[in-house]
Amino acid sequence: MRLIERRRVLLRSGLLPLTLARAEAQTLAAPTGRVILTVSGKISATNEGDSARFDRAMLEAIGLASFTTATPWYDGPVTFEGVPMTKLLQRLGAQGEAVQAVALNDYSTEIPIADFAQHGVLLALKRDGNYLTVRDKGPLFIVYPYDSDPALKSPRYYGRSAWQVARLVVH
């Protein structure tokens, strides 16, 4: 198997470190629907200047995952479905130590990139099978599987769980 093919296989399987993903990144298509996310910073795949803009269909095409967890914002456990943050950053050829998430209301939080693989963090598009709306913390909500580790049920991780996310900046 040629080296480039082997890297692609390892990247898709998640076995290639994120820092090596940069060489594998490809050009992104332009969004055809309403843009709901713009990513900038240390990324190599872009579709408008030095940024990557995504509509909902583009995010879903990266691949979705889900988990069910209790949160401080909803009564009882809920099921979130969205793009694993590790997959999104791999698709972008991201290199960095942290991601700054910026919400529609300009709330901003810094999230270590190591959190994404360690905890299986999602950029959620849906809650209990329904697309998130701006009134319900959407269109995008960064969520952790809080029930998977007691340490995640803390102000540190709740503060990293930005909702109404509009922009990500890779540092």
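The values are calculated or read from the model by the stated rules, or taken from the named source; none is laboratory data. Just so you know, these numbers come straight off a predicted model, no measurement behind them. Using ideal geometry, Cβ is built from the backbone for each residue, glycine included, and neighbour counts are taken over all protein chains shown.
Within the stretch 105-118, being surrounded by 15 or more Cβ atoms within 10 Å (Cβ to Cβ) and farther than 12 Å from His171 by Cβ holds for Thr109, Asp115, Phe116, Ala117.
Look at the stretch 110-139: where a residue is under 26 Å from Gly96 (Cα atoms) and a partner is of a type in the set (Asp, Glu) and assigned to a helix (DSSP H, G or I), sitting 6+ places away or on another chain with Cβ atoms under 8 Å, you get Val121/Asp115; Leu125/Glu60.
Conditions tested, residue by residue: (1) among the hydrophobic types (A, V, I, L, M, F, W, C); (2) closer than 16 Å to Phe141 by Cα.
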position	(1), (2)
Ile36	yes, yes
Asp55	no, yes
Glu60	no, yes
Gly82	no, yes
Leu88	yes, yes
Gln95	no, no
Ala98	yes, no
Leu125	yes, yes
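Go through the stretch 68-102 residue by residue and tally those that are surrounded by fewer than 23 Cβ atoms within 10 Å (Cβ to Cβ) and basic (Lys, Arg). Summing the residues that are surrounded by fewer than 23 Cβ atoms within 10 Å (Cβ to Cβ) and basic (Lys, Arg) in the stretch 68-102 gives 1. Taken over the stretch 46-58, the criterion of being under 25 Å from Glu97 (Cβ atoms) and either touching an Asp or Glu at 6+ places or on another chain (Cβ under 9 Å) or not in a loop (DSSP other than H, G, I, E, B) (or both) is satisfied by Glu48, Ser51, Ala52, Arg53, Phe54.
Residues in the stretch 59-85 that are closer than 16 Å to Val165 by Cβ, touching a residue at least 60 places away in the same chain (Cβ under 8 Å) and not hydrophobic (A, V, I, L, M, F, W, C): Glu60, Thr71, Gly82. What do you reckon, is Thr32 farther than 14 Å from Leu122 by Cα, modelled with pLDDT of 95 or more and in a loop (DSSP other than H, G, I, E, B)? Considered against the rule, which asks whether it is farther than 14 Å from Leu122 by Cα, modelled with pLDDT of 95 or more and in a loop (DSSP other than H, G, I, E, B), Thr32 comes out as yes. For beta carbons closer than 8 Å, sequence separation of 6+ or different chains, a first residue in the stretch 36-58 that is buried (at least 18 other Cβ atoms within 10 Å of the Cβ) and aromatic (Phe, Trp, Tyr) and a second that is at pLDDT 95 or above and part of a strand (DSSP E or B), the qualifying pairs are Phe54/Val35; Phe54/Ile36; Phe54/Leu37; Phe54/Thr38; Phe54/Val39.
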